[in-house]
Amino acid sequence: MNNMSQSSSANGPQPILRTEKLRVEFRSREIGQGVKVALQGLDLAVYPGEVFGFLGPNGAGKTTTMNVLLGFANATGGAAYLFGTDVRQPIARQRIGYLPEMTYYYKFLTAEELLRFYARIFKIPMAERERRIDVVLKLVELDHARKRPIRTYSKGMQQRAGLAQALINNPDLLILDEPTSGLDPIGRMKVREIIQRLKNEGKTVFFSSHEMGEVETVCDRVAILHQGELKAAGTVASLLTGNETNLEQAFLRIIDFNLNSSSICTSSSLLLAS
Amino acid sequence: MHIILAVAGVVILEMIRRKDVYVLLFLTALITLLLGSVNLFGDPNIARYLKEVCLTLIWISSVVIAIATAARQIPAEKESRTIFPLLAKPVTRAQVMLGKFFGCWTACVLSLALFYAFFCLVSGTKEHYWPITNYFQAFWLHAVFCAVVVAMTLMGSVLLAAPSSTITIVGVVVLGILLLGRHLNKVAAKTGGLAGDLLSAIYFAIPHLEWYDVRDLIIHNWPAINWTVIATDTLYGAAFAGLFLVAAWARFRRMALN
């Protein structure tokens, strides 16, 4: 494991997000398959003000980690903490904002009503609630569509409405699950700009992504997960070795992906040969 | 409490924005109005029959609203995956369940209030008699009935696979209790033996929803029920609703969301 996730000294700031030997096992639904290990002793630490990229191929365990952090799934072993509180306590989620991969919101509500609903959950006083709704809608550039039902929004607008709900409580930590997935280049750029702005405001962002360029641009540190195991963590520069020039090359090396022996390459070669 | 109220608020908003409830409200109001305006054969007792038909309609509508609204709440949250952003907030599954219950129940009570107010207006105008206490008691017991049905449906919705099966099974159970509940002990006494014991056990285990059906109070203009009986019935209903909600929460707590 390369440059493990500790970037601060023992006397430095305490991690906002921490996992200790986190292990998650699932009982497979297929007969004879037994137990499948989704996470194997994951140790992570994310510090205040960081933008932390969480990378890995599909099925690596990224979403499982997020599910445990958000209390959707229980860990089989180890522990996870948000702001020093065990993630199984609902209060641990008081200071976080979460954006799921796909937009899952009540489509019969308008953006304003959706934000009002989530603000009520956080017990934000009415005057502050309305002010906060104005602020986040302006931030995600949805102020003009605030009275329209969410079902009439484009995918990019829905994703931004999702970001708005994640920000309604002015969270200290944002957990974003592939925030730019399925968006067009303009939508991606807007989401990236928002993440950048949040970073400038000193927010901590923990996000998973398959977009290496995006991760390189906005992340202070990254962690690479493969088959439920943490393979590497550190700054982008610290992960590059030899003549590697970008994160994608480092990523493929770290997950031990052999480009020449991949089935896609083999099929392409066969196609070319024919 | 603010979380429960916020979740309940969304359930009520959803119901307000759905067309099916308006259709049901409109149809019931229309039939009540039509029946209230006719004067068949100059029979002075005809008002009683008309009241019976209208109240039966209100009962059917309330059962449909209670079961259909509650049955889809949790499955729809799972299916549309809105449960994820909700549970990512400092919200427990118990609060979600209670919010859904209060939302569905409030929606039912609001519909009932509309039905009863309209029916009282039509019937009172026709009879020139306004037994407000009777109407209130019938309305309140009907509301408690809805609370038990909503809680039972929520429990069904986390135990059964699809909302359609929940609607069918809870519908059959509610209808069965309403029609047969009061006769079970008599049948048990006549049957005897093990089958009789089993029927007796069922009689004492089921929520006696038929106790909440006091349509005759309005139809025949009987004297109002003793308030102690109303209070006891309310407690009995609350106990069953609580029991169903605890069972629903116990299942929902361990339910995989993916």
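The values are calculated or read from the model by the stated rules, or taken from the named source; none is laboratory data. Everything numeric in this text was worked out from a predicted model, so none of it was measured. When we count neighbours, we look across all protein chains shown, and the Cβ atoms used for this are built from the backbone with ideal geometry, even at glycine. Keep in mind that these areas ignore ligands, DNA and RNA; they rest on the heavy atoms of the full protein, side chains included. Shrake-Rupley method; radii C 1.70, N 1.55, O 1.52, S 1.80 Å.
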For segment A:83-99, 3J(HN,Hα) per residue [Karplus equation, 6.51 cos²θ - 1.76 cosθ + 1.60, θ = phi - 60°, Hz, x = Gly/Pro]: 6, x, 9, 4, 5, 6, 8, x, 5, 4, 9, 5, 10, 10, x, 10, 10
May I ask for the longest run of chain A untouched by GluC sites (Glu not before Pro) that are loop-located per DSSP and have at most 13 neighbouring C-beta atoms (other than their own) within 10 Å? A:31-200
Check each of the chymotrypsin sites (Phe, Trp or Tyr not before Pro) in segment B:75-134 and keep only those in coil by DSSP with at most 16 other C-beta atoms within 10 angstrom; list them in order. B:Tyr129
Have a look at segment A:156-198 and report residues whose accessible surface goes down by 10 Å² or more when the remaining protein chains are included, against the chain on its own, probe 1.4 Å, ligands and DNA/RNA excluded. A:Gln165
What full-extension length gain, to one decimal in nm, is calculated for A:Leu240 and A:Glu201 as 0.36 nm per residue of separation minus the Cα-Cα distance? 11.2 nm
Sites A:Glu130 and B:Lys19 - FRET efficiency at Förster radius 41 Å, r taken between beta-carbons, to 0.05: 0.85
Around A:Asn169, with a cut-off of 9 angstrom between Cβ atoms, what is the net charge of the other residues, counting Lys and Arg +1 and Asp and Glu -1? +3
Spin-label point model (7 Å from Cα, Cβ direction): what's the A:Asp143 to A:Val37 distance in nm? 5.3
In Å and from the alpha-carbon atoms only, list the Rg and Dmax of segment B:2-254. 19.6, 65
Which of B:His142, B:His2 is most accessible, then next, and so on - probe 1.4 Å: B:His2, B:His142
Placed amide H near A:Leu174: partners under 5 Å, 5+ positions off or other chain: A:Gly97, A:Thr204, A:Val205, A:Phe206
I want to verify a result. In a Gaussian network model of chain A, Cα cutoff 10 Å, which of these has the top mean-square fluctuation: A:Val87, A:Val135, A:Val236? A:Val135
Rounded to whole angstrom, the alpha-carbon centroid of segment A:110-138 lies from that of segment B:141-199 at a distance of 42
Which of B:Ala107, B:Ala29, B:Ala201 ends up with the largest GNM mean-square fluctuation for chain B, with Cα atoms connected below 10 Å? B:Ala201
What whole-number value in Å² describes the accessible area per residue of chain A for a 1.4 Å probe? 47
Using a Gaussian network model of chain B whose springs link C-alpha atoms within less than 10 Å, name the residue from B:Lys51, B:Lys19, B:Lys78 with the highest mean-square fluctuation. B:Lys19
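How much FRET efficiency would the formula 1/(1 + (r/R0)^6) give for B:Leu5 and A:Asp256, where r is the Cβ-Cβ distance and R0 is 35 Å, rounded to 0.05?
The value I calculate is 0.10.
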Ordered by number, the residues of segment A:121-145 that have at least 20 Å² less accessible area in the complete protein assembly than on their own chain alone (1.4 Å probe) are A:Ile121, A:Phe122, A:Lys123
Step through the table entries A:Lys36/B:Lys100; A:Lys123/A:Lys199; A:Lys21/B:Lys89; A:Lys36/A:Lys203; A:Lys147/B:Lys19; A:Lys123/A:Lys147, compare each Cα-Cα distance with 27 Å, and write down the pairs that go over it. A:Lys36/B:Lys100; A:Lys36/A:Lys203
Taking 8 Å as the Cα distance limit and 6 or more residues as the minimum spacing, I'd like the relative contact order of chain A as a percentage. 25
Residues with beta-carbon under 13 Å from that of A:Leu137, excluding A:Leu137: net charge, scoring Lys, Arg +1 and Asp, Glu -1? +3
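Starting from 0.36 nm per residue, how many nanometres of slack lie between B:Ala76 and B:Glu127 once their C-alpha separation is accounted for?
Gain on stretching B:Ala76 to B:Glu127: 13.8 nm.
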I'd like the carbon and sulfur percentage of the solvent accessible area for chain A, probe radius 1.4 Å, heavy atoms only, ligands and nucleic acids excluded. 51
Given segment B:215-258, report the % of alpha carbon pairs whose separation exceeds 14 Å. 68
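Quick one: work out the % antiparallel among DSSP beta bridges in the protein assembly as shown, nearest 5.
55
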Beyond 40 Å, what share of the Cα-Cα pairs of the protein assembly as shown is found? Please give it as a whole percent. 40
For the pairing of chain A with chain B, what total accessible surface becomes buried, with a 1.4 angstrom probe, in square angstrom to the nearest 100? 2300
Taking the dipole about the Cα centre of segment B:68-207, with the C-beta of Lys and Arg at +1 and of Asp and Glu at -1, give me whichever of B:Leu159, B:Leu199, B:Cys108 is farthest to the positive side. B:Leu159
With every protein chain left in place, what is the accessible area per residue of segment B:2-254 in square angstrom, probe 1.4 Å? 47
Positions from segment A:55-81 whose accessible area shrinks by 20 Å² or more when the full protein complex is built, not the chain alone, probe 1.4 Å: A:Asn67, A:Phe72
How high is the FRET efficiency between A:Gln14 and A:Glu216 when r is their beta carbon distance and R₀ equals 22 Å, given to the nearest 0.05? 0.20
Please give the contour-minus-distance gain from B:Leu180 to B:Ser164: 0.36 nm per residue of separation, less the Cα-Cα distance, rounded to one decimal in nm. 3.4 nm
How much accessible surface does B:Met15 have with a 1.4 Å probe, in Å² rounded to 10? 20
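What is the percent carbon and sulfur in the accessible area of segment B:2-254, measuring with a 1.4 Å probe over the protein chains and ignoring ligands?
73
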From the Cα centre of segment B:237-258 to that of segment A:87-107, the distance in Å is 23
Out of residues 5 or more away from A:Lys231 or on other chains, whose amide H comes under 5 Å of its own, with H placed 1.01 Å from N in the peptide plane? A:Ile224, A:Leu225, A:His226
